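These notes concern the structure reproduced below.
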Amino acid sequence: VVVKLPMGIEVEDEMLVKKDSKFKYSISIDNLTDKMKKNVTNAAKSGLQTIYDGVKDKKTFDEIKSAFEYKDADLSDLKDAYEDLVEDIDSSITFTDVDIKDVTLNRVSITDGNFRFYIKAKFDYKLTYQSGEETKTNDSDTSGYMYLTFKYVDGSFKLIDASNLHKSFSKYY
């Protein structure tokens, strides 16, 4: 059995056909070309940077959505994820800088025709917070695992959903 996807992924597998047998296609990071991995990694970094810059700058989703739009885009899931992130980030901190340093692709699956990646993102960040009467700062780094869902449109990956967005940014270390 050979499965070909529009973006150039081709997987060949052998199967023993028996009565009532079924074939389920699965994809792995190894099925992606280096160019495709780079494109997804860049799209993930760019999308996450836009999201966390939006949080830092206290923007609504409507103010950042242009970075994700394409013809007939349904960004309702991404909007919900963004608004949940804004709500869940500790309200006692204020970002002064957030930088997505690295994204590592760990797993990939195809759900409803979209690519869902389990990734690890590394962040450098600076924040301020109140400690009594004093405003203090922290300059640190952290990392987190999350799921990002992309639609493959016009030769590129467009972020349409995110879950488990990283929310733990420490004031103290």
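The values are calculated or read from the model by the stated rules, or taken from the named source; none is laboratory data. Fair warning: this is a prediction, and the values are worked out from it, not measured in the lab. Ideal geometry is used to build each Cβ from the backbone, glycine not excepted, and the neighbour counts take in all protein chains shown. Please note that ligands, DNA and RNA were not included when accessible areas were found on the heavy atoms of the full protein model with its side chains. Shrake-Rupley method; radii C 1.70, N 1.55, O 1.52, S 1.80 Å.
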Given the -39500 (n - 2.57) contribution per DSSP H run of 4+ residues, what per-residue ellipticity at 222 nm results for the chain, rounded to the nearest 500 deg cm²/dmol? -7500 deg cm²/dmol
Between 0 and 90 degrees, rounded to the nearest ten: what's the tilt of helix 76-88 against the longest Cα principal axis of the chain? 30
Cα axis of helix 34-56 to longest principal axis of the chain: angle in degrees, 0 to 90, nearest 10? 30
Using only Cα atoms, locate the centre of segment 1-60 and the centre of segment 80-105, then give the distance between them in Å, rounded to an integer. 24
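Between rounded, prolate and oblate, where does segment 1-71 land on the alpha carbon gyration tensor, with a ≥ b ≥ c its root eigenvalues, rounded for a/c under 1.5, else prolate if a/b exceeds b/c?
Numbers: a/c = 3.68, a/b = 2.72, b/c = 1.35.
Taking the square roots of the gyration eigenvalues as a ≥ b ≥ c, segment 1-71 is prolate.
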If you place +1 on the Cβ of every Lys and Arg and -1 on the Cβ of every Asp and Glu, how big does the dipole about the Cα centre of the chain come out, in debye to the nearest 20? 600
Leaving out same-chain residues fewer than 8 places away, which lysines sit with a Cα under 27 Å from that of Lys35? Lys4, Lys24, Lys45, Lys65, Lys71, Lys101, Lys120, Lys122, Lys151, Lys158
Expressed as a whole-number percentage, the relative contact order of the chain with C-alpha contacts under 8 angstrom and at least six residues apart is 20
Carbon and sulfur %, accessible surface of segment 55-173 computed with the full protein complex present, 1.4 Å: 38
If you work out semi-axes √(5λ) of the Cα gyration tensor in Å from the coordinates, which of [x] 28, 20, 13; [y] 37, 17, 14; [z] 25, 19, 17 do you get? [y]
The farthest towards the positive end of the charge dipole of segment 1-68, of the residues Ala43, Val2, Ile27, given +1 on Cβ of Lys and Arg and -1 on Cβ of Asp and Glu, is Ala43
Out of Lys71, Lys59, Lys151, any idea which swings most in a Gaussian network model of the chain, alpha carbons joined below 10 Å? Lys71
Sites Glu63 and Leu5, calculated FRET efficiency, Cβ-Cβ separation with R0 30 Å, nearest 0.05: 0.30
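Taking only protein heavy atoms into account and a 1.4 Å probe, give the accessible area per residue of the chain in Å².
Computed with neighbouring chains in place, this is 61 Å² per residue.
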With a 1.4 Å probe and all protein chains kept in place, how much accessible area does Glu10 have, in Å² rounded to the nearest 10? 100
